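*Asks:* Below is a structure I'd like to ask you about.
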Amino acid sequence: MIPKPWRPVCVALLASCLAAHGAAARTGKGRKAETAQPPALTAEAVNAATLAQPGAGKSEGTKSDAKARRAKSSDDKPDPLIVKAQVLLDRARFYPGAIDGRKGDNYRHALSAFAVAQGLPAGETLTPEIWDKLQATSDKPAVTDYTLSEADAAGPYVERIPPKMEEQAELKSLGYTNPREMLAERFHMSRDLVSALNPGKPLDKAGTTIAVAAVDPMGMDKPKGKDLPQEPKVERIEVDKSSRDVRAYGADGKLVAYYPASIGSAEKPAPSGETKVKGVAFDPDYTYNPKYAFKGVKAQHKFTIQSGPNNPVGLVWIDLAIPSYGIHGTPEPEKVGKTESHGCIRLTNWNARDLAAHVTRGAKVTFKDD
């Protein structure tokens, strides 16, 4: 028992000790937590990003980093290291969906598919072994400069894309709504990442130099039939309903490309079994048939929606030998792999164009249910 005269002194000493301990914790652990946060997002930070060895500081797989990330809110800034990894995956044709600097399902699944293709164990975390393989695929900067042209600034752009298909049929074109949307899709990025990499820069002014993902820009041309299919030719396509992805294979059985996908829904499930590719249409119109009975569409007559990147099937339709089913693009690339489709297989517009450029007529298509 502490004598009464000493109690105030002991209490004061105890409070002092606790305060000192708290200060040490804040300056020690606080600094450690700060170092676990991603650096500011700039082109320089992305190009210089590297995966630290375990125990050497920031690493996607370290415990301190994982703890810090769990505490972060979902609207935090993209991670330069993840941006760089996503660009490298995109270049290697293991597409992570829209490049956004976040560890979403599309990124993690693409990372795992890449690891397996490299003879490494399947895994959805960026390990030093996977990082080394990724870096070996390309030594070019992950982010580069792009100067907006007069055509980029001028468009033309559509003021608004109405949500209802019947209203979309009244538009003369289903083009982009603004330069940011166009630039994001051209360079395989999310719109938020375009803004985050270029704060305060006018995206509607010719001559503006911005930072973009250094990937093969998506074209808008219609390739001539005599130039298709391009090498490497795709002879077989595998659509995996459970993992929500599409894998393209060459005649030798080698994996040519990996794409995230939205595949069917409870209302309109994707087919099962096998079919084949009948043909490819670039920049197609879309004709709605009331027999489809899509939820939210009340029209009882056929109507046609004009072509464009915001067309319901995007910039490409790969026709399958099952009536009304196909592999196609989408007006909402950032939702691919995260939402359902009207029974078909939905890819980002740049992925749909990539597959369409390489797939052979008559290519076998297999649907995997589990």
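The values are calculated or read from the model by the stated rules, or taken from the named source; none is laboratory data. Quick caveat: nothing in here was measured; it's all calculated off a predicted structure. Please note: Cβ atoms are built from the backbone with ideal geometry, for glycine as well, and neighbour counts cover all protein chains shown. Note: areas computed on protein heavy atoms with side chains; ligands, DNA, RNA excluded. Shrake-Rupley method; radii C 1.70, N 1.55, O 1.52, S 1.80 Å.
*Asks:* Per the Cauchy relation, a quarter of the hull surface: what is the mean projected area of the convex hull of the alpha carbons in the range 316-370, in nm²? Don't skip to the end; give the middle numbers.
*Replies:* Details: hull surface 16.9 nm².
Result: a mean projected hull area of 4.2 nm².
*Asks:* When ranked by the protection proxy of mean other Cβ atoms within 10 Å per residue, highest first, what sequence do the peptides 189-198, 298-307, 218-227 form? Intermediate results must be reported in sequence, preceding the final value.
*Replies:* On the way: 189-198: 20.9, 298-307: 13.4, 218-227: 11.2.
Descending packing order for the listed peptides: 189-198, 298-307, 218-227.
*Asks:* Run the 1.4 Å probe and let me know the accessible area of D216, rounded to the nearest 10 Å².
*Replies:* Answer for D216: close to 130 Å² accessible.
*Asks:* Can you tell me the relative contact order of the range 286-370? Whole percent, Cα pairs under 8 Å, sequence separation 6 or more. List each step's numbers first, then the result.
*Replies:* Numbers: 112 pairs, mean separation 18.2, N = 85.
Rounded, it is 21 percent for the range 286-370.
*Asks:* With Cβ to Cβ distances under 11 Å as the rule, what net charge do the other residues near A299 carry (K, R +1; D, E -1)? Present the calculation step by step, with values, prior to reporting the outcome.
*Replies:* On the way: positive: K164, K298, K302; negative: E166, E167.
Residues near A299 contribute +1 overall.
*Asks:* Using only alpha-carbon positions, what ratio does the radius of gyration of the range 171-297 give when scaled by 2.2 N^0.38 Å?
*Replies:* Normalised Cα radius of gyration, the range 171-297: 1.35.
*Asks:* Here is a follow-up. Once you treat every alpha carbon in the range 111-260 as an equal point and sum by Debye, what is log10 I(q)/I(0) at q = 0.13 Å⁻¹?
*Replies:* Log10 of I(q)/I(0), two decimals: -0.91.
*Asks:* Further, regarding this structure: Could you please state how large a percent of the accessible area of the range 80-149 is carbon and sulfur, counting protein chains only and using a 1.4 Å probe? Please report the intermediate quantities before stating the final value.
*Replies:* Values: 1330 of 2730 Å².
About 49 percent, which is the carbon plus sulfur part of the accessible surface.
*Asks:* Leaving out ligands, DNA and RNA, and with a 1.4 Å probe, what % of the accessible surface on the range 238-370 is carbon or sulfur? All intermediate terms of the calculation are to be shown ahead of the outcome.
*Replies:* Numbers: 2610 of 5500 Å².
For the range 238-370, the apolar C and S fraction of the accessible surface comes to 47 percent.
*Asks:* Here's something else I'd like to know. Multiply the residue gap between E44 and D285 by 0.36 nm, knock off their C-alpha separation, and tell me the result in nm, one decimal place.
*Replies:* Details: separation 241, 0.36 × 241 = 86.76 nm, distance 4.15 nm.
Length difference between fully extended and current span is 82.6 nm.
*Asks:* Need one number: nm distance between label points at A299 and E129, each 7 Å from Cα along Cα→Cβ, rounded to one decimal.
*Replies:* 5.4
*Asks:* State the volume of the convex hull built on the alpha-carbon positions of the range 88-166, expressed per residue in Å³ and rounded to an integer. Don't jump to the answer; show the numbers that get you there.
*Replies:* On the way: hull volume 12.2 nm³, N = 79.
Convex hull of Cα atoms, per residue: 155 Å³.
*Asks:* How much area per residue is accessible in the range 73-186 when the probe is 1.4 Å and only protein heavy atoms are counted (Å²)?
*Replies:* Working: 5370 Å² over 114 residues.
Normalised by residue count, the accessible surface of the range 73-186 is 47 Å².
*Asks:* Quick one: work out Rg over Rh on the C-alpha atoms of the range 284-341, Rh as Kirkwood radius.
*Replies:* Values: Rg = 11.8 Å, Rh = 12.4 Å.
With Rh from the inverse mean 1/r over Cα pairs, Rg/Rh is 0.95.
*Asks:* So what is the relative contact order of the range 208-322, in percent, for Cα pairs below 8 Å that sit 6 or more residues apart? If you can, show how the numbers build up before the last one.
*Replies:* On the way: 137 pairs, mean separation 21.5, N = 115.
Relative contact order, the range 208-322: 19 percent.
*Asks:* Give me the distance in nm between label points sitting 7 Å out from Cα along the Cα-to-Cβ direction at R160 and K172, one decimal.
*Replies:* If labels sit at R160 and K172, their model points lie 1.9 nm apart.
*Asks:* On average, how much accessible surface per residue is there in the range 240-301, in Å², for a 1.4 Å probe, leaving out ligands, DNA and RNA? Please list the in-between numbers first.
*Replies:* Values: 3140 Å² over 62 residues.
On a per-residue basis, the range 240-301 sits at 51 Å².
*Asks:* Now for a different question. Relative contact order for the range 115-214 using alpha-carbon pairs under 8 Å, separation at least 6, rounded to a whole percent?
*Replies:* 35
*Asks:* Using only alpha carbons, build the gyration tensor for the range 249-347 and give me the equivalent ellipsoid semi-axes, biggest first, whole Å.
*Replies:* Details: eigenvalues 109, 45, 42 Å².
Square roots of five times the eigenvalues give 23, 15, 15 Å.
*Asks:* Would you rank R353, R102, R108 by solvent-accessible area, highest first, keeping every protein chain in place and using a 1.4 Å probe? Walk me through the numbers before you get to the answer.
*Replies:* Details: R353 30, R102 90, R108 60 Å².
Most to least solvent-accessible, the answer reads R102, R108, R353.
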